[in-house]
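For reference, the structure discussed in these notes is given below.
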Amino acid sequence: MSLVLTGAEILQLLDMDLALAAAREAFRAYGEGRVNMPPKSYLTLSRGDFRAMYGEIFLPEGHVCGLKWVNVHPGNPARGLPTVMAKILLNDPETGVEWADMDGTYITNYRTGAAGGLAAEVLSRPDASRLGIIGAGEQARTQIAAIVAVRPIREIIICDCALHRARFLLEETARKYPVEVRLAVDPQETALAADILVTATPSTEPLVRRDWVRPGTHINAIGADAAGKQELDPAILRDARVVVDDWVQASHSGEINVPLAKGEITPDTVYGSLGEVVAGKKPGRQSEAEITVFDSTGLIIQDLALGFAIYRRARDKGLGEIKEFLKLPEKN
């Protein structure tokens, strides 16, 4: 018997507090070796790509395994469709029985935002108050929600190559949060103003130069999630404390993938993983002046932790529809 949850039902169950709590548990489990997570597989097409992600995680609430099938089609907004859509399955590791079949689109957005919030919590300056956003898509929204929850943000600066998107996000953000929100004319203005900078674009060329990043800045590099994507000047990485979500994925598809392939940085450029920092195995920020970078590629354990939390909440609230996809033999 499987619990089927639609996107509309998941929105009734999902909030950033839940997503942040799930992110902490997921990355702590990673840092403590309580996960099994093969690298994601890619199916590359002319207009976008699909990714298959699967694994298991041992959480305080239980042992869970599962699969996510997710697309990334950058041209979709022009068609009135989300860039990213996903499906998540949760299974019982002991028997293989399916627990849940759920839309994964909102879970993907929130878990990625929550990872950015968690990274800001352990890597940015505690007094960071100015948040810069480059790229005004869906991910910008959850990055803002998560970072506002963990830092005393007073000003948000938004930049996007499409001015209408930037204006829409500005108006939406100004309604939601008691902070000053303004537009920047370009990435340079955004970076120079930011204590915390989020890059969330599909760029394949550096958008942020080293001399635009002030001492003490923290950067969430979110947009590079496939081979060939890049948002930051490699000199930023060389001068920063670089933390990845997972070395294997980041080296193949994260912000570090292009400069690694070109020899512009080395594996030693990477300080460690977010899981190691969250689990207390490595310290986070070491000084007020250092630059820190979180290279986020997105891990299946984030989806499993948040998906499992939503599954439990749905059962408690009686949401979703029970489906019997497989007729099991009756016991004698």
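One table, with the values for the structure above:
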| read-out | value |
| --- | --- |
| Residue ranges of strands (runs of 3 or more DSSP E) in the range 71-182 with at least 1 members surrounded by fewer than 20 Cβ atoms within 10 Å (Cβ to Cβ), of a type in the set (A, V, I, L, M, F, W, C) and free of Cβ contacts under 8 Å to residues at least 40 places away in the same chain | 84-91 |
| Hey, residue 68 crowded, with 22+ Cβ neighbours inside 10 Å, modelled with pLDDT of 95 or more and charged (D, E, K, R) or not | yes |
| Any chance residue 204 is surrounded by fewer than 24 Cβ atoms within 10 Å (Cβ to Cβ), touching a Leu at 6+ places or on another chain (Cβ under 7 Å) and assigned by TED's automatic domain parsing to the domain that holds residue 142 | no |
| Residue in the range 33-40 that is assigned to a loop (DSSP other than H, G, I, E, B) and hydrophobic (A, V, I, L, M, F, W, C) present | yes |
| Residue within the range 77-86 that is on the phi > 0 side of the Ramachandran plot and of a type outside the set (S, T, N, Q) present | yes |
| Within the range 288-332, tally of residues that are loosely packed, with under 11 Cβ neighbours inside 10 Å and either more than 30 Å from residue 258 (Cα to Cα) or free of Cβ contacts under 8 Å to residues at least 24 places away in the same chain (or both) | 12 |
| Residues being assigned to a strand (DSSP E or B) and under 16 Å from residue 309 (Cα atoms) - total across the range 58-70 | 9 |
| Neighbours by Cβ (under 8 Å, 6+ apart or cross-chain): first from the range 1-19, closer than 14 Å to residue 317 by Cβ and modelled with pLDDT of 95 or more; second assigned to a helix (DSSP H, G or I) and hydroxyl-bearing (Ser, Thr, Tyr) | 3/311; 5/311; 10/106; 11/106; 14/106; 14/110 |
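For (1) farther than 21 Å from residue 22 by Cα; (2) modelled with pLDDT under 95; (3) of a type in the set (A, V, I, L, M, F, W, C), each residue gets a yes or a no:
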{"site": "207", "(1), (2), (3)": "yes, no, yes"}
{"site": "219", "(1), (2), (3)": "yes, no, yes"}
{"site": "223", "(1), (2), (3)": "yes, no, no"}
{"site": "231", "(1), (2), (3)": "yes, no, no"}
{"site": "276", "(1), (2), (3)": "no, no, no"}
{"site": "279", "(1), (2), (3)": "no, no, yes"}
{"site": "289", "(1), (2), (3)": "yes, no, yes"}
{"site": "296", "(1), (2), (3)": "no, no, no"}
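The values are calculated or read from the model by the stated rules, or taken from the named source; none is laboratory data. Quick caveat, the model's predicted, so the values are computed rather than measured. No Cβ is skipped: glycine too gets one built from the backbone with ideal geometry, and neighbour counts run over all protein chains shown.
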